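Enquirer: Questions regarding the structure given below will be posed in turn.
The values are calculated or read from the model by the stated rules, or taken from the named source; none is laboratory data. The structure presented is a predicted model; accordingly, all values stated were derived computationally and were not measured. Here the Cβ is made from the backbone with ideal geometry for all residues, glycine too, and neighbour counts use every protein chain on show. Heavy atoms of the whole protein, side chains included, go into the accessibility calculation; ligands, DNA and RNA do not. Shrake-Rupley method; radii C 1.70, N 1.55, O 1.52, S 1.80 Å.
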Amino acid sequence: STQVTAQVAAQALLFAVFHLSNGYARGWAYASVQAAGAGVVGAYYGLRARRDGGVLDACLLHAAHNLAAWACFGSMAPRAAPTLAGLALYAWLVRREGVDLQVSVL
């Protein structure tokens with residue numbers, strides 16, 4: 001529906017705008033490219049959350065993406081601990097609640 005499209009678009013735009021904050025540390029050219037990519041990925045996360053009825057899988061995908069970026073490029077060392085903590089919390093919730101973990105690819 002049009003309302004869902006508008007909601008996902010607004011969420012993706014906010015996700016992109018929040019990534020512009022990296023311009024202070026890495027430069028505005030880097031941050032603008034990152035924000036553009038974040039907008040596309042953010043739309044996927046929004047659609048995923050809408051389909052799943054919650055944000056846990058989208059959070060897991062975001063944490064996994066950040067962890068992979070850190071492992072490959074070392075660019076996120078200060079954020080590695082929160083990412084790992086987020087993954088641990090998610091795993092604990094999945095086990096506690098008996099949630100069926102399903103991660104799909106586009």
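Enquirer: If each of ASP52 and SER1 carries a label point 7 Å out from its Cα toward its Cβ, how far apart are those two points in nm?
Expert: Using points 7 Å along Cα→Cβ, the separation is 2.3 nm.
Enquirer: If I ignore ligands, DNA and RNA and count only protein heavy atoms, how much of HIS65 is accessible to a 1.4 Å probe, in Å² to the nearest 10?
Expert: Rounded to the nearest 10, that gives 110 Å².
Enquirer: Accessible surface of ASP52 in the full protein assembly, 1.4 angstrom probe, to the nearest 10 Å²?
Expert: Roughly 60 Å² of ASP52 is accessible to a 1.4 Å probe.
Enquirer: Return, ordered by residue number, the residues of segment 35-72 whose backbone nitrogen is under 19 Å from a label point located 7 Å along Cα→Cβ of ALA9.
Expert: Counting backbone N atoms under 19 Å from the label point, the list is 36-51.
Enquirer: Heavy-atom accessible area of TRP70 with all protein chains present, probe 1.4 Å, nearest 10 Å²?
Expert: The value for TRP70 is about 90 Å².
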